[in-house]
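FYI, it's all coordinate maths here, none of it is from the lab. Not measured: the values here are computed from a predicted model. Backbone-built Cβ (ideal geometry, glycine too); neighbour counts: all protein chains shown.
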Amino acid sequence: MLWISWLIAVFVLIILELSTASMFFFTCFALGAFAAGVLSFTGAPNIWQYVFFACISILSLFIIRPLFRKAMKKADTIKTNVDSLIGKNAVVTKKIVPLEDGFVKVDGEIWLAYGDEVFGEGDIVKVESVSGTKLKVKK
C-alpha cells in the first residue's frame, strides 16, 4: 500500500511546483516519487523504494532541471526598447566620420550615430550597439 503514499507525494509535489516559481525543482522530486511508486508495484522492499526515489530525484536535479532551465531561458529572451535596434539596418541621414557624430534612420526614427569609418548620406549600415542615446554602426 506504499504506492498510495507515492501517488499522494507526486500530486503534492506537482501542486507545489505549480504554486511556486521554483523552475522545475519540485518536478524532479515528483519524478522520483513516481518512479518509486512504480517500483512499489513490483513488491520491492521499502528501503529500495526510498533509495530509488533518492537516486531518481538527484539524477533529475542534475540532468533534467538544467535542460528545462536552458529551454526556458531561450524562450524568455525578447529584446525590447533600444536593445531591439541592435542588428537592424539603418540609413545614414547625416554623414558619419570617426570622432564626429552623424544621424541614422532606424524603424522610422532618427538616431544620433557614430562609427569607426566614414559613412556618407544614404549608406546602409548595421547597428552594432547602443551607448546611451547614440547608436554605434558598422558596414
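Key figures for this structure:
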item	result
Crossing angle, helix 46-62 versus the chain [Cα axis fit, 0-90 degrees, rounded to tens]	0 degrees
All aspartates and glutamates inside 12 Å of residue 95 as judged from Cα atoms, apart from same-chain residues fewer than 8 positions distant	117, 121, 123
In degrees, nearest ten, helix 64-76 long axis to first principal axis of the chain (Cα)	30 degrees
Crossing angle, helix 25-40 versus the chain [Cα axis fit, 0-90 degrees, rounded to tens]	30 degrees
Among 30-36, 129-135, 52-58, the order from most to least packed when residues are scored by Cβ within 10 Å on average	30-36, 52-58, 129-135
FRET efficiency estimate (nearest 0.05) - Cβ-Cβ, residue 79 to residue 21, R0 35 angstrom	0.95
Estimated distance in nm for a label pair at residue 44 and residue 12, the labels positioned 7 Å out from Cα along Cα-to-Cβ	2.1 nm
Separation of the residue 70 and residue 139 label points, Cα + 7 Å toward Cβ, nm	3.7 nm
Extension gain, residue 89 back to residue 109 (0.36 nm per residue minus Cα-Cα distance, nm)	6.0 nm
Whether the chain is rounded, prolate or oblate, judged on the alpha carbon gyration tensor where a/c under 1.5 counts as rounded	prolate
Within the chain, helix-based [θ] at 222 nm, where runs of 4 or more DSSP H residues each add -39,500 (n - 2.57), nearest 500	-15500 deg cm²/dmol
